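For reference, the structure discussed in these notes is given below.
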Amino acid sequence: MARVLIVDDSPSQLAAMKKIVDKLGHEVISAEDGALGVEVAKRELPDLILMDVVMPNLNGFQATRSISKDPTTSHIPIVLVTTKDQVTDKVWGLRQGAKAYLTKPVNETQLVELVNELLAGRTPPAAG
């Protein structure tokens, strides 16, 4: 069982992703904004992070950059899960340190495949 941190300011999105990750048998921890997400990542050292982009305090791009540049958390794979669907957003997100990028509404099959690949230590193909 892995520990997955879900960072999203939308209670409904958080619940939907939690349900998917729970079905896979993993423990879910959560944070409601990017700043808290960075704090929780440093404190809990999860195995994987699912990160929204549009959030208060610290957006997902900023939080991802902070987590991926910190030596204590840089090993944690991050998947950006967002409504921002432009190619430039995806490119920017991956440059900040994300391993994959999914657009909302989340396709459950795609999310499950990504979670399984990343937790197994494999690099996913360029997911969109």
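The values are calculated or read from the model by the stated rules, or taken from the named source; none is laboratory data. Just so it is clear, the model here is predicted, and its values are computed rather than measured. Don't worry about glycine lacking a Cβ; one is built from the backbone with ideal geometry, like all the others, and counts go over all protein chains shown.
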Task: Number of positions in the range 4-55 that are under 13 Å from the mean Cα position of the chain (by Cα), surrounded by fewer than 17 Cβ atoms within 10 Å (Cβ to Cβ) and not hydrophobic (A, V, I, L, M, F, W, C) - done: 0
- [ ] Find the residue count for the range 45-75, including only residues that are over 20 Å from residue 120 (Cβ atoms) and hydroxyl-bearing (Ser, Thr, Tyr).
- [x] 3
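Out of the residues in the range 66-85 meeting the condition of being farther than 22 Å from residue 14 by Cβ and either in contact with a helix residue (DSSP H, G or I) (Cβ under 9 Å, 6 or more places away or on another chain) or at pLDDT below 95 (or both), tell me which one is surrounded by the most Cβ atoms within 10 Å (Cβ to Cβ).
The selected residue is 70.
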Open item on the list: Tell me the residue from 91, 4, 106 that is β-branched (Val, Ile, Thr), touching a residue at least 24 places away in the same chain (Cβ under 8 Å) and over 18 Å from residue 121 (Cα atoms), please.
Closed with: 106
Open item on the list: Filter the range 101-114 down to the residues that are farther than 15 Å from residue 7 by Cβ and either surrounded by 17 or more Cβ atoms within 10 Å (Cβ to Cβ) or in contact with a strand residue (DSSP E or B) (Cβ under 8 Å, 6 or more places away or on another chain) (or both) and list them by number.
Closed with: 103, 110, 114
